[in-house]
Amino acid sequence: MRWNLILLFFVISFSCFSQNPYLFIGTYTNGQSKGIYVYRFNTNTGMGTEVSTMYASNPSYLSISPDGKHLYAASEGEKEGAVIAYAFEPSTGQLAKLNSQSSQGACTCYISEDKSGKWVFVANYCSGSLVGLPVNTDGSLAPASQVIQQFGKGPDTARQEKSHVHSTIFSPDEKFLLSANLGTDQEHIYAFDPAMNIPLTNRMDSVISLEPGTGPRHIVFHPSRPDVYIIGELAGTVDAFHFDNKSGKLTHFQRIRTTPESFNGDPGSADIHIRADGKFLYASNRGTANNLAVFAIEKDGKLVSKQYISVNGKHPRNFVIDPTSHFLLVANRDTNNIVVFSIDPVTGMLKATGKEISIPNPVCLKFLDN
């Protein structure tokens, strides 16, 4: 009887924990924000509860280590950026700073870690470079060991006057790292070997060019198909490609708008994600659109527009789908709110729940999937 009670306790504890994953929120701190906020998010009710706060300077993008015990933040300095390592204690929800390293560039805007936990890569928007930093055994960061400077420009003289690297994203098998350059309208594909001191290498035909003025920003891989989708910030488009996981080559097969045909404003497209079952793709538009676009993904990988819905705020820089795929949360930077939408399990379409989390200048949302 005693062992049955103990087992029941652990089952209930695990169930409660899995229904309340941690939500990490990165912010801009030039206003009232303190830095990084840690919340519990109830996947049954769609409600968030604050757990802790970590003071940091402009932690505009976050990455969680594969074991869930460390968090890395891109500190977006306009003159010199930094990468900050934290230890995370799941039992208490507390972050503890381990160390900080220079990003070797300015306006550090994206960060990712490989599954082996050996490398962190960042994108430096203002200086147009991507940088690899080794991860020490305790989760702290060593100084950068690889800096790749990209060059070029695009037709938009205001936004594409030079190279602007905007993301560093691994392929699902992590044989490659893809880097979107908003300034040059290019996607760079690097071979990745975590065992090497210089882990990234160029491959033949490893750069693809998108239509001039696209401004590629973020990408997403389909969870079960060899397809890649690239969102263009300036053009307000999604470009779809087949991905050869042996060579890293991308083959284009579709381009579609992220806004209705009648929209003539500034899309300012930002983020892009696919639901875990691979049936629907979502994209956010800032600029004057301030909405989310919903696309069905056909069997051939092509996108079909299904919905455009207001984010109930301004400047939706980043959004995230919760681990159960019941909710989508969008961070509205300029209205200081994170809006919670429910996701229809059949149609994939969104509906505002009326629930929000009030946070100053939220720009990045990451779940720790238990």
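Out of the stretch 233-268, which residues are in contact with a strand residue (DSSP E or B) (Cβ under 7 Å, 6 or more places away or on another chain), in contact (Cβ under 8 Å) with a residue 12 or more places away in the chain and more than 20 Å from residue 291 (Cβ to Cβ)?
Once the filter is applied, which keeps residues that are in contact with a strand residue (DSSP E or B) (Cβ under 7 Å, 6 or more places away or on another chain), in contact (Cβ under 8 Å) with a residue 12 or more places away in the chain and more than 20 Å from residue 291 (Cβ to Cβ), the stretch 233-268 yields 240, 241, 242, 243, 248, 249, 250, 252, 253, 254.
Hey, residue 252 hits all of (1) within 28 Å of residue 165 (Cα to Cα); (2) open to solvent by less than 50 Å² (accessible area, probe 1.4 Å) but one; which does it fall short on?
With respect to (1) within 28 Å of residue 165 (Cα to Cα); (2) open to solvent by less than 50 Å² (accessible area, probe 1.4 Å), residue 252 is out only on (2).
Are there any pairs, at least 6 apart or on different chains, whose C-beta atoms fall under 7 Å, with the first in the stretch 296-322 and over 14 Å from residue 348 (Cβ atoms) and the second among the acidic types (Asp, Glu) and surrounded by fewer than 17 Cβ atoms within 10 Å (Cβ to Cβ), and if so, which?
314/334; 315/334
Any residue in the stretch 23-45 that is open to solvent by less than 10 Å² (accessible area, probe 1.4 Å) sitting within a Cβ distance under 6 Å of a residue that is modelled with pLDDT under 95 and in a loop (DSSP other than H, G, I, E, B)? List the pairs, counting only those 6 or more apart or interchain.
Going by the 6 Å Cβ cut-off, the qualifying pairs are 43/19.
Taking the stretch 311-325 as the region of interest, how many residues are open to solvent by 10 Å² or more (accessible area, probe 1.4 Å) and under 19 Å from the mean Cα position of the chain (by Cα)?
Matching residues across the stretch 311-325 total 8.
Any residue that is crowded, with 19+ Cβ neighbours inside 10 Å, charged (D, E, K, R) and outside any strand (DSSP E or B) - is there at least one of those in the stretch 291-306?
no
Look through the stretch 46-61, keep the residues that are among the polar types (S, T, N, Q) and open to solvent by 30 Å² or more (accessible area, probe 1.4 Å), and return whichever of them is nearest to the chain's Cα centre (by Cα).
Looking at residues that are among the polar types (S, T, N, Q) and open to solvent by 30 Å² or more (accessible area, probe 1.4 Å), I get 58.
Exactly one condition in (1) among the polar types (S, T, N, Q); (2) in a strand (DSSP E or B); (3) out of contact with any Lys or Arg (no Cβ under 8 Å at 6 or more places or on another chain) is false for residue 264; which is it?
Answer for residue 264: the failing condition is (2).
To keep it simple, each residue is scored yes or no on (1) on the phi > 0 side of the Ramachandran plot; (2) crowded, with 21+ Cβ neighbours inside 10 Å; (3) in contact with a Gly (Cβ under 8 Å, 6 or more places away or on another chain); (4) outside any strand (DSSP E or B).
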site	(1), (2), (3), (4)
144	no, no, yes, yes
154	no, yes, yes, yes
157	no, no, no, yes
162	no, no, yes, yes
169	no, no, no, no
187	no, yes, no, no
194	no, no, no, yes
214	no, yes, yes, yes
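The values are calculated or read from the model by the stated rules, or taken from the named source; none is laboratory data. Note that the structure is a prediction, hence the values are computed from the model and not measured. Here the Cβ is made from the backbone with ideal geometry for all residues, glycine too, and neighbour counts use every protein chain on show. All accessible areas refer to the heavy atoms of the entire protein, side chains included, with ligands and DNA or RNA removed. Shrake-Rupley method; radii C 1.70, N 1.55, O 1.52, S 1.80 Å.
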